[in-house]
1. Just check the range A:16-63 against the gyration tensor rule for me: Cα atoms, a ≥ b ≥ c as the square roots of the eigenvalues, rounded for a/c under 1.5, and otherwise prolate or oblate depending on whether a/b exceeds b/c.
2. Helix B:257-268 versus the longest principal axis of chain B: what angle, 0 to 90°, nearest 10, using Cα atoms?
3. Within 10 Å of each Cβ of B:51-62, how many other protein chain Cβ atoms are there on average?
4. Just want the answer: with Cβ charges of +1 for Lys and Arg and -1 for Asp and Glu, which residue in A:I42, A:H216, A:Y80 is farthest toward the dipole's positive end in the range A:9-274?
5. Which entries of A:K168/A:K211; B:K178/B:K237; A:K145/B:K39 have Cα-Cα distances beyond 23 Å here?
6. Estimate the FRET efficiency between A:W112 and A:D140 by the formula 1/(1 + (r/R0)^6), using the beta-carbon distance for r and 45 Å for R0, to the nearest 0.05.
7. How many angstrom separate the Cα center of the range A:200-275 from the Cα center of the range A:118-196?
8. Which net charge results for the neighbourhood of B:S288, defined as the other residues with beta-carbon distances under 13 angstrom from its beta-carbon, given Lys and Arg at +1 and Asp and Glu at -1?
Amino acid sequence: MGDGTRVDVSELEQMARRCRVDIVKMTHSAKSGHPGGSLSAIDCMVAIYGTCLRFDTSNPDWEDRDRFIMSKGHASPAMYSILHQMGVLDEGDIMGFRTLGSVCQGHVDMNWTKGVDFSAGSLGMGLSFGLGCAIAAKMDSSDRKIWVMLGDGETQEGQIWEAAMAAKYHNATNLRAIVDRNRIQNDDFMNVQMEIGDIGEKFRSFGWTVKEVDGHDMSSLVDVVDWANSEDGGPVAIVANTIKGNGVSFMENNPSFHGKAPNDEELRIALEELS
Amino acid sequence: MSAPSSGGASRDGYGKGLLRIAQDPRVVVLEADLGKSTKSCHFRDEYPDRTVSLGIAEQNMMLVAAGMASSGKIPFASTFAIFTERAFEQVRNGIARPGLPVHICGSHGGIHTGTDGSSAQSIEDLAIYRTIPNMTVIHPCDDISAEELTSQLVDLNGPSYMRTARNKVPRLYEDGSKLRIGSGSVLREGGDLAIISCGVMVGVAISAAETLSSEGISCTVVDMHTIKPLDVELIAKLSDSCGAFVTAEDHSVIGGLGGALSEWLSTNTSTPLEMVGVRDRFGQSGASSELMELMGLNEVGICEAARRAISRKL
Ligand SMILES: Cc1ncc(C[n+]2csc(CCOP(=O)(O)OP(=O)(O)O)c2C)c(N)n1
């Protein structure tokens with residue numbers, strides 16, 4: 001990707017659908033993992049990977065690639081499904097998810113998986129890491145861009161706001177954060193656990209340029225990603241309003257599918273809905 | 001900003017070491033509002049474009065360093081030893097786990113730090129960082145060795161933690177002295193006992209060895225500036241030649257240099273070991289020398305431990 005050609009929206013929607021199939025199959029096969037936050041994030045990720053991320057699938061270690069930092073590392077099935085659909089991982093790789101020796105570790109890990117730029121699993125760290133990548137890119141006069149995918153629950157971590165403050169101070173115009181605003185965290189809805197309020201406004205108050213988007217409307221996503229990619233007054237944050245579990249009816253807006261895999265019957269229904 | 005001081009505080013050596021390796025364009029310095037204290041300020045003065053100020057936000061600093069390391073830089077991030085600990089999990093998960101070459105310097109380590117009181121006196125840093133896979137853990141004894149060891153970090157292909165001390169101590173090395181990360185430096189040789197020490201206690205160990213020699217006890221003194229990986233080859237040799245050990249450190253007796261030595265000795269030998277260190281308690285305000293007395297981190301403490309160790313020889 002990254003050659004500037006725009007893929008058409010329905011093709012991206014098809015890719016996202018195939019990713020969703022991967023996500024439910026992977027978690028079913030592992031009997032564990034995090035389908036909910038993978039399904040909510042996947043359309044945003046497809047829009048980014050499918051339209052603008054400079055990334056060479058035959059050389060994932062290319063130094064001057066854009067970076068994609070999956071800070072909410074538990075949504076690893078989303079990451080692996082993208083890499084699968086782009087041909088970096090094969091079916092065997094993703095179906096080994098969470099098993100001993102698999103390149104698809106429970107949480108995304110840069111040492112285990114080609115095409116993964118960050119070792120996550122502990123929430124709150126990815127924006128800082130992305131900022132480090134952004135500062136390094138500027139020092140090297142490289143125009144590579146750094147995308148960071150955050151969970152909305154994750155923004156409860158103070159370190160996110162340390163990074164938000166530092167990104168503006170260091171004029172990280174090459175840094176883009178996208179928040180998966182699905183309003184559910186681990187135990188329950190955010191307004192039960194710890195409501196953070198207007199996340200976009202908080203980023204704005206730290207000097208970021210912010211837009212909100214429907215995180216499941218591919219055509220709006222393509223537009224906002226295109227805007228973010230070319231916006232140079234950043235840092236830029238996109239708050240994507242999403243539905244946890246999106247695409248699988250019984251997982252949608254259902255906190256219990258944050259960290260629970262579908263059983264055999266649930267897989268059957270999910271695949272039917274996604275066909 | 002004043003030029004690096006000519007005294008023997010290891011933090012000054014860190015500052016000079018950064019200047020020595022500055023010609024490598026990959027070297028970058030990260031600060032959390034304590035650059036004047038950790039002495040990274042000298043690098044900042046000379047190379048502002050390669051210095052990143054991150055404010056009083058240590059957790060962010062550690063991951064910014066990791067991101068920069070993943071992009072080909074060699075980051076040196078410093079703050080007080082105690083405040084690196086706030087970001088322990090960031091160091092563990094964000095730096096060490098992916099094996100990124102980030103070099104953390106914690107200055108003002110130990111009770112030697114003095115009047116600031118117990119909140120500033122890290123006595124557990126060596127222990128906690130030592131437990132992390134991939135980490136190299138270093139604690140130099142003076143400015144000259146700190147400068148040399150800092151400069152060697154550029155070639156270390158993985159993360160490290162270096163503790164430096166706030167206060168000046170007598171210099172034990174000369175410019176150009178040979179020392180290497182991972183190899184203990186034998187500063188004095190003797191056949192009855194080996195005193196393995198690090199940081200500000202190395203000088204104290206040498207004085208103690210002199211006192212002991214007047215009692216007819218001849219001691220080897222090692223500056224074990226690298227706590228991990230531990231120079232077990234040297235320890236094995238000294239176990240054979242001396243047959244008894246004392247460790248001396250301005251750190252808890254739990255998990256630091258003494259801990260490292262006891263782990264190895266107890267599983268490989270029956271050689272006795274006595275430890276001089278902070279006995280599982282917090283410090284308080286006071287002059288460095290007063291606190292070292294109070295905690296038994298002095299010549300008397302080492303000599304008593306030496307006699308105990310020798311009496312336990314088989
Ligand atoms: C520092 C840290 N604390 C706790 C957890 C356990 N945990 C994993 S996912 C999660 C909830 C995350 O919520 P959110 O960021 O909104 O992710 P999403 O809903 O998009 O899956 C928690 C608490 C963690 N991984 N890291």
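The values are calculated or read from the model by the stated rules, or taken from the named source; none is laboratory data. Keep in mind that this is a model prediction, so the values were computed, not measured. Every residue, glycine as well, gets a Cβ built from its backbone with ideal geometry; the counts of neighbours run over all protein chains shown. Protein only, heavy atoms only, side chains kept; ligands, DNA and RNA dropped before computing areas. Shrake-Rupley method; radii C 1.70, N 1.55, O 1.52, S 1.80 Å.
1. On the way: a/c = 2.72, a/b = 1.74, b/c = 1.56.
Prolate, because a/c is 1.5 or more and a/b exceeds b/c.
2. 60
3. Details: counts 0, 8, 3, 10, 4, 1, 8, 2, 9, 17, 4, 5.
So the per-residue partner count for this stretch is 6.
4. A:Y80
5. Values: A:K168/A:K211 16 Å; B:K178/B:K237 20 Å; A:K145/B:K39 33 Å.
A:K145/B:K39, as the Cα separations exceed 23 Å there.
6. Details: r = 26 Å, r/R0 = 0.58.
Rounded to the nearest 0.05, the efficiency is 0.95.
7. 15
8. Working: positive: B:R166, B:K168; negative: B:D116, B:D250, B:E290, B:E293.
Neighbourhood net charge equals -2.
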